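The values are calculated or read from the model by the stated rules, or taken from the named source; none is laboratory data. The structure displayed is predicted, hence computed values, not measured ones. Glycine gets a Cβ as well: all are built from the backbone with ideal geometry, and neighbour counts include every protein chain shown.
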Amino acid sequence: QVQLVESGGGLVQPGGSLRLSCAASGSILSIYTMSWYRQAPGKQRELVASIASGSSTNYADSVKGRFTISRNNAKNTVFLQMNSLKPEDTAVYYCKVAVNHGDYWGQGTQVTVSS
């Protein structure tokens with residue numbers, strides 16, 4: 001089993017910044033791709049950003065230039081630095097990690113962008 005603990009969500013004004021963290025622990029031999037998804041009310045969950053084990057990254061068009069994904073392999077942790085936040089970024093953000101025996105999801109952290 002793998003446990004994911006997310007942190008860093010909250011309420012921020014438009015134009016502000018937040019940094020999300022997701023730490024993985026448990027039965028892990030190798031972590032492959034680490035990703036952040038989000039789901040807004042009434043919408044489907046969508047991929048925000050992903051980072052492969054070799055550190056290549058992929059971003060949704062809506063967040064390119066504003067969000068940065070990174071990882072600390074020594075600590076099995078993935079980060080999402082979110083700058084220039086917009087009201088449309090409001091959602092529950094979930095991390096997902098692909099390990100040697102399957103994919104695991106975090107519990108989600110709420111991000112609200114509002115004045």
**OP:** Collect the residues in the stretch 22-71 that are polar (S, T, N, Q) and at pLDDT 95 or above, keeping them in residue-number order.
**Re:** 33, 35, 39, 44, 50, 56, 57, 58, 62, 68, 70
Original post:
Which of the following residues is free of Cβ contacts under 8 Å to residues at least 12 places away in the same chain and of a type outside the set (Phe, Trp, Tyr): 74, 98?
Top reply: 74
